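The structure appears right after this line, and notes come after that.
The values are calculated or read from the model by the stated rules, or taken from the named source; none is laboratory data. On a predicted model such as this, the values are computed, not experimentally measured, just so you know. All Cβ positions, even for glycine, are placed from backbone atoms using ideal geometry, and neighbour counts span all protein chains on display.
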Amino acid sequence: MPEIREIIREGKGKKIYATDDPDLAIVYFKDEAMAFHGLKRGRIVGKGEVNNQVCEHLFSLLAENGIESHFIERIDARHSLIRRCEMLPFCVKIRNRVAGQLATRTGLTVGLKLDQPVVEYVLRDVDMDYDPMINHTHIYAMKAATPEEMDQIDRICLKVNEILTAYLKEINIELIDFKLSFGRWHGKILVADEITPDTARFWDSSTHEPLDKDRFRRDMDNVAEAYQEVLHRMMGVG
């Protein structure tokens, strides 16, 4: 196992550490929670452990279906070994139903099922009180990705949506929307960062109750229990 070194960066829910291997890093998942660009902060007990296991499960599922990611293996309850990518400065949001900012921007009814997924691009890690939306031409102007890379990213996003939607349906969870980040690793585009209840909206298919960070955003009860429920269903528990 590589030796852990200095911290590279820290985000809302994770810390990333360098290792003695320049190609590898170690991610640590935190219990701290943040919403509304830092205006709301708190702690969800056990969230880090849940998110680490959910990432292991979903990234392994994607690998089985031909989608490469930065994930290598889970080390322990809160740490995972990952490929150290050059992160692209934007992320992609894939939306299957209207929720969150999409409802605010368009006036569409929350919960409306979309005829086809809405794909949006927003800048990552910006010090603003909103997610700045961008398009392909902005990305090319920033020289953040090439047209060939964007074609690949768009295909990967829609494929991941298909894989996760089908899988989650089997465990009575509907994938409302989610965020994907990407990085370059030895010239390859890889899915990176995380896919967890922090970065996706998971609704119970029967009740439409949120099983994700929206419970924290909206001051709902049983936040930690909702995260645990997602993991239990994935693990076939209960």
Search result, residues across the range 115-135 that are loosely packed, with under 14 Cβ neighbours inside 10 Å and at pLDDT 95 or above: Asp115, Gln116, Asn135
Scanning for something assigned to a strand (DSSP E or B) and either farther than 23 Å from Arg105 by Cβ or touching a strand residue (DSSP E or B) at 6+ places or on another chain (Cβ under 8 Å) (or both), does the range 205-214 turn up at least one residue? yes
For the subset of the range 79-93 comprising residues that are among the aliphatic types (A, V, I, L, M) and over 9 Å from Phe182 (Cα atoms), which member is surrounded by the fewest Cβ atoms within 10 Å (Cβ to Cβ)? Leu81
Any residue in the range 193-213 that is in contact (Cβ under 8 Å) with a residue 24 or more places away in the chain, more than 18 Å from the chain's Cα centre (by Cα) and within 25 Å of Ile16 (Cβ to Cβ)? no
Of the residues Ala63, Ala103, Ala99, which is assigned by TED's automatic domain parsing to the domain that holds His186, in contact with a Ser or Thr (Cβ under 8 Å, 6 or more places away or on another chain) and surrounded by 13 or more Cβ atoms within 10 Å (Cβ to Cβ)? Ala103
Would you check which residues across the range 56-107 are free of Cβ contacts under 8 Å to residues at least 40 places away in the same chain, in a strand (DSSP E or B) and among the hydrophobic types (A, V, I, L, M, F, W, C) and list them? Phe71
Condition check: closer than 26 Å to Val119 by Cβ, surrounded by fewer than 17 Cβ atoms within 10 Å (Cβ to Cβ) and at pLDDT 95 or above. Does Ala35 satisfy that? no
Could you tell me which numbered condition Gln53 fails, if it satisfies all but one of (1) over 29 Å from Asn161 (Cα atoms); (2) in contact with a helix residue (DSSP H, G or I) (Cβ under 7 Å, 6 or more places away or on another chain); (3) at pLDDT 95 or above? (1)
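Being touching a strand residue (DSSP E or B) at 6+ places or on another chain (Cβ under 8 Å), surrounded by fewer than 20 Cβ atoms within 10 Å (Cβ to Cβ) and not β-branched (Val, Ile, Thr) is the filter here, so list the residues in the range 66-77 that pass it.
Those that are touching a strand residue (DSSP E or B) at 6+ places or on another chain (Cβ under 8 Å), surrounded by fewer than 20 Cβ atoms within 10 Å (Cβ to Cβ) and not β-branched (Val, Ile, Thr): Glu68, Glu73, Arg74.
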